[in-house]
Amino acid sequence: MNRTFLGHPIGLSVLFGTEMWERFCYYGNNALLTYYMVDFLFAGGQTQNVIGFGAIRSLLESVYGPLAPQPLAALIYGTYGAGTYLMSLAGGALADRYLGQSRAVILGAITMAAGEFLLTDPRLFFIALLVFVLGVGLLKPNIATQVGGLYPPGDSRIDSAYSIFYVGINLGALIAPLICGRLGHAALGQPPTWHYGFAAAGGGMLLGLLVFLIGLRFLPPDVRARRRAAELTAMKAGRPQTAIKLTTIERRTVLALFLVAFFNLFFWACYFQQYSTLAIMAENNVNLSLGFITLHPEDVQAFNPFYIFAFTPLIIALWAWQARRGQEPAPVTKMAMGCAATAACFALLIVPALAIDRGEHVSVLWLFAALILQTLGELYLSPVGLSLFSRAAPAKLASVMMAVNFLSLSLGSYLSGYLAHFWSGMGKAEFFAMIAAIALATSVGTFLLSRVLNPLLQTGA
């Protein structure tokens, strides 16, 4: 009897568990990184021992001018985030051509864990980030591709599979700041404990690797193996195939997916503010007491994944209800709606920002409320994008096109760092108005584009 997981192939549970721990590692790192740079590494003379710091700071200051710790940290964080997703292009291509998805995931997990353990030594900060970036690039696009490989073409379960997979992502993101953040971000005046947080993130990635290795037999054949089988069949039939040859419809579909990725990058530029400017806001400008409990600044980063759990079943039920009535929005239309929700998030934050500009501290409830809107925006864009790129992309470019989806996160992360480096020098209300305007313009542009792209992508799928 075939074993199943929530009505899906058992392999989905393996990928769910692996990705949960991979995201624990990634978001455990993210929960600490801004605070680590601003509060420790770039303060108190620590930088004199960091290999490569002088050269990197000089390079950034040659472009942006003199940089205080916060804008310097924002630019480095944005570049690091961009690198993690940019490497997904190389990781996807390596898997498609040489390694296969499973080997790429295994190698990526080992490399990510190594990067976290290297981060426990401040002197190796930039070397460790580079190693970590290489690991993410190998693992991230290939494990997402394997989800789609569990299902035959046309299987209606694939959308819900990516929603379940997305819950795994956010389970890791939820517990990461609560564990790694609290281990690594010591209270003011206490001895630094950053190394404990980074080591915990690396240990989580090793647990994910163990889950993957145990469940390897339940996973689909790699795209590379399936392509070789198809080529062998074609050769026996006297029809040699060219692996990279695309039909006219496939070329149009690829172009459409690139356009979707381009608009998505502006969404991510706004979204990633929660790991830089909102993290600094939570530490410096927010009253974290709820009366019965006082939160840590990094706990704010757990709000978004908590809301993912709360709202995912409701959103799935809403889409199912709309589908029964023939009213479910098409994928690119959903993405436009997601950008609109993110615009509303930052428009709401203008209100407490006015008080911050007057020198006041504001209630953490403002972040509770704003991040509800941010989460709704994410649910309408990110898992929809994963599903769309998996279904619509030509099979022979499966991992590469999934990496193109991650390329929008790469460019969006870099842009988020550029925007965040204005935080210290701008009024906070003015800053949030700028972010809200970017998200709103992206929503309008994506909606207009959806009228052309939705029919094309449905045909391509």
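With each run of n ≥ 4 DSSP H residues scored as -39500 (n - 2.57), what mean residue ellipticity at 222 nm is computed for the chain after dividing by its residue count and rounding to the nearest 500 deg cm²/dmol? Using -39500 (n - 2.57) per qualifying helix, the result is -24500 deg cm²/dmol. Spatially close Lys pairs in the chain, defined by Cα atoms under 28 Å apart and a spacing of eight or more places or different chains, total 7. Taking 0.36 nm per residue of sequence separation and removing the Cα-Cα distance, the residue 418/residue 314 pair yields an extension gain of 34.0 nm. Computed about its Cα centre, the charge dipole of the chain is approximately 1840 debye, with only Lys, Arg, Asp and Glu carrying charge at their Cβ. Remark on residue 287: its backbone amide H falls under 5 Å from those of 362, 363, 364, a criterion applied only to residues 5 or more positions apart or on other chains, H modelled at 1.01 Å from N. Sites count as exposed loop sites when they are trypsin sites (Lys or Arg not before Pro), lie in a DSSP loop, and have at most 13 other Cβ atoms within 10 angstrom; the longest stretch of the chain without one is 4-244. Put simply, the Cα atoms of the chain extend 73, 47, 47 Å along their principal axes, the longest span coming first. Taking Lys and Arg as +1 and Asp and Glu as -1, the other residues whose beta-carbon sits under 15 Å from that of residue 301 total -2. Counting charges near residue 162 (Lys, Arg +1; Asp, Glu -1) among other residues having Cβ under 15 Å from its Cβ returns a value of +1. Karplus-derived 3J(HN,Hα) values for region 162-173, using 6.51 cos²θ - 1.76 cosθ + 1.60 with θ = phi - 60°, are 5, 5, 5, 4, 5, 5, x, 4, 7, 5, x, 5 Hz; glycine and proline are entered as x. Reducing region 89-117 and region 10-49 to their Cα centroids gives an inter-centroid distance of 18 Å.
Here, each number is a calculation from the coordinates, and none is a lab measurement. Every value quoted in this text rests on a predicted model; they were computed, and no experiment measured them. In this analysis, Cβ positions are derived from the backbone assuming ideal geometry, glycine residues included, and neighbour counts consider all displayed protein chains.
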